[in-house]
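The values are calculated or read from the model by the stated rules, or taken from the named source; none is laboratory data. Note that the coordinates shown come from a computational prediction; the quantities given were computed from them, not determined experimentally. Counting neighbours? That spans all protein chains shown, and the Cβs are built from the backbone with ideal geometry, glycine included. Each accessible area value is taken on the protein alone, full model and side chains, heavy atoms only, with ligands, DNA and RNA left out. Shrake-Rupley method; radii C 1.70, N 1.55, O 1.52, S 1.80 Å.
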Amino acid sequence: MTTPAASLDSLPLLANLSHTQRAAIAGVSRIETFEPGTRMFDEGGLADQCWVVLSGCVMLDAFVPPGGHVVLQSIGPGELIGLSWLVPPYRWHFGATAVSPTRAVVVDTAALRALANDDPALGYQLALILIEALVNRLQATRIRLLDLYRNPS
């Protein structure tokens, strides 16, 4: 079975972190599997974890009354789930559901914030990783909106 440390060491997402920094993150992490249909978190809930998908697919969604959950984006291997843990009040802005068998590194975000506070170089690198993930999500949303308005049917 793969350990969090081995999984984190192999991720391009974390390539700019030192081995020591990745090991520190691995120390506050575990690997979990999620069956299709597993609800990982709900909009408004406490953002006390984040995930790096190792395999599988997770859909981010928003609750839109009266229709229910609307899929916003799919997240796959090597990508982050849960970016709301860094900024107070640490609440999810979206929800997430595994849509295929999914393995992920699960990180305790309170412990991760403490590591970042104790090691400003790590904190800076984590901020860059999160900003890159946010920019990628924003670009994907922009493309989706352009497609929607270009083809309103």
Expected single match for touching a Pro at 6+ places or on another chain (Cβ under 8 Å) and of a type in the set (A, V, I, L, M, F, W, C) among Ile81, Ile31 is Ile31
Exactly one of these conditions fails for Asn117: (1) touching a helix residue (DSSP H, G or I) at 6+ places or on another chain (Cβ under 8 Å); (2) in contact (Cβ under 8 Å) with a residue 24 or more places away in the chain; (3) not in a strand (DSSP E or B); (4) not small (Gly, Ala, Ser). Give me its number. (2)
Candidates Leu134, Leu128, Leu115, filtered to the one that is under 17 Å from Val53 (Cβ atoms), open to solvent by 40 Å² or more (accessible area, probe 1.4 Å) and either out of contact with any strand residue (DSSP E or B) (no Cβ under 8 Å at 6 or more places or on another chain) or charged (D, E, K, R) (or both): Leu134
Selection from the stretch 106-120 of residues that are of a type in the set (A, V, I, L, M) and in contact with an Asp or Glu (Cβ under 8 Å, 6 or more places away or on another chain): Val106, Ala110
Please enumerate the residues belonging to the stretch 120-130 that are of a type in the set (A, V, I, L, M, F, W, C) and under 18 Å from Val107 (Cα atoms). Leu122, Leu126, Ala127, Leu128, Ile129, Leu130
Scanning the stretch 16-35 for residues that are of a type outside the set (S, T, N, Q) and open to solvent by 70 Å² or more (accessible area, probe 1.4 Å), the one nearest to Tyr90 (Cα to Cα) turns out to be Arg30
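Residue by residue, here is whether (1) at pLDDT 90 or above; (2) over 22 Å from Ser10 (Cβ atoms); (3) among the β-branched types (Val, Ile, Thr) holds:
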{"position": "Val87", "(1), (2), (3)": "no, yes, yes"}
{"position": "Trp92", "(1), (2), (3)": "yes, yes, no"}
{"position": "Val99", "(1), (2), (3)": "yes, yes, yes"}
{"position": "Ser153", "(1), (2), (3)": "no, yes, no"}
Could you give every pair whose Cβ atoms fall below 8 Å, whose first residue belongs to the stretch 77-88 and is over 12 Å from Leu134 (Cβ atoms), and whose second residue is open to solvent by 30 Å² or more (accessible area, probe 1.4 Å) and assigned to a loop (DSSP other than H, G, I, E, B), counting only separations of at least 6 or pairs across chains? Trp85/Asp48
All positions within the stretch 76-105 that are open to solvent by less than 70 Å² (accessible area, probe 1.4 Å), in a strand (DSSP E or B) and either on the phi > 0 side of the Ramachandran plot or not hydroxyl-bearing (Ser, Thr, Tyr) (or both): Leu80, Ile81, Gly95, Ala96, Ala98, Ala104, Val105
